[in-house]
Amino acid sequence: MGVGESQSEGDVILIPDNARRLSGKRNFLFDLDGCIWFGDRLAPGAAELVSSLRSSGYEVRFATNISSQTPDEIADRLSLLGIDASGGDILSPLRVLPFHEAFSGPSASVYVVAGDTVRRFLTDAGIPVVDRPEHASAVVVGRSPDFDYDDVTASMAATDSGARLLALNLDMRAPGPDGRFSLPGTGILAAALAVAGGVEAELIGKPSLHFFETGLSVFGFSSDTTVMVGDSIDSDIMGGSRAGLMTILVGTGLRARENSADELVEPDIAVPDLAALGQYVGQLQDVP
Ligand SMILES: [Mg+2]
């Protein structure tokens, strides 16, 4: 069988040789939106899969690009839907932000172009949020419905003085009340601030290496025993793969896509849904 071909075993599509690799894994990172949950309901089989992995001794954590809620709030939402979790189980742009090297110095501080949740989280993490942008070591940009001319002026003053520009995500569009992606995303705000300051915006969320390396470090996981499961080639599969994790694509089937750097990104395994992955994991546990 040649490279890129796959074989089908029932509902589970797997690339030969990667089946064996999964048996050596100990830790699973699950994406949330479009993987563990769809809006306000769990994906079919999600609770059963997490429960069966946990009772078989696997470590389960959740890796999401949600930055409008704190890790504690995201964990509460998961628990309400039926999967027990604490804030410590959640990897998110806010969770990894304080670990960025822009904040490694003793006098690190931040100018925030985002909502109160981001301000509150950074303050709680011990990073002073400043009102004088020229004193900031970084500008953090996130979801900001009140974004205006003053934000651009302040961000320019900060980056002109050497501040890094950190974007919680680079999504160009955000969902509106009807669920359609009809609102400006953080990527548009970050692009405006980057052009204004003549700097590049550094991505904090998936698929950045910072996101995954910080996650492995805070969870105490090694890359070769960790699996990233998600529905997005561009964030979950690309990010996991760059960080050296095994990757499982859920939902959209096996497909490959080239990004702007002509980097070919393919998942190691593709499954139609989490219920199928559950059956697969159950079978693998019988493999010596
Ligand atoms: Mg997703």
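The values are calculated or read from the model by the stated rules, or taken from the named source; none is laboratory data. It should be emphasised that the depicted structure is a prediction, and the values quoted were computed from it without experimental measurement. Note: ideal-geometry Cβ built from the backbone for every residue, glycine included; neighbour counts use all protein chains shown.
For region 119-145, the set of residues classified as farther than 15 Å from Phe99 by Cα and of a type in the set (A, V, I, L, M) consists of Val129, Val130, Ala136, Val141, listed by residue number. Screening Ser208 on (1) hydroxyl-bearing (Ser, Thr, Tyr); (2) more than 12 Å from Leu166 (Cα to Cα); (3) touching a residue at least 24 places away in the same chain (Cβ under 8 Å) shows it passes everything except condition (2). Scanning region 139-172 for residues that are of a type in the set (S, T, N, Q) and surrounded by fewer than 18 Cβ atoms within 10 Å (Cβ to Cβ) yields a count of 3. For region 218-229, filtered to residues that are outside any helix (DSSP H, G or I) and free of Cβ contacts under 8 Å to residues at least 24 places away in the same chain, the residue that is surrounded by the fewest Cβ atoms within 10 Å (Cβ to Cβ) is Gly220.
Residue-by-condition table, conditions (1) within 22 Å of Val195 (Cβ to Cβ); (2) under 22 Å from the mean Cα position of the chain (by Cα):
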position	(1), (2)
Gly88	no, yes
Phe99	no, yes
Pro106	no, no
Gly126	no, no
Pro133	yes, no
Arg143	yes, yes
Tyr149	yes, no
Ala157	yes, no
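Of all the listed residues (Leu29, Leu80), the sole one being outside any helix (DSSP H, G or I) and either within 16 Å of the ligand (Cβ to nearest atom) or modelled with pLDDT of 90 or more (or both) is Leu29. Considering only residues that are exposed (fewer than 14 other Cβ atoms within 10 Å of the Cβ) and hydrophobic (A, V, I, L, M, F, W, C), which ones fall in region 173-217? Answer for region 173-217, where residues must be exposed (fewer than 14 other Cβ atoms within 10 Å of the Cβ) and hydrophobic (A, V, I, L, M, F, W, C): Phe181, Leu183, Val195, Leu209.
Number of residues in region 74-101 that are free of Cβ contacts under 8 Å to residues at least 12 places away in the same chain and within 23 Å of Ser208 (Cβ to Cβ): the value is 1.
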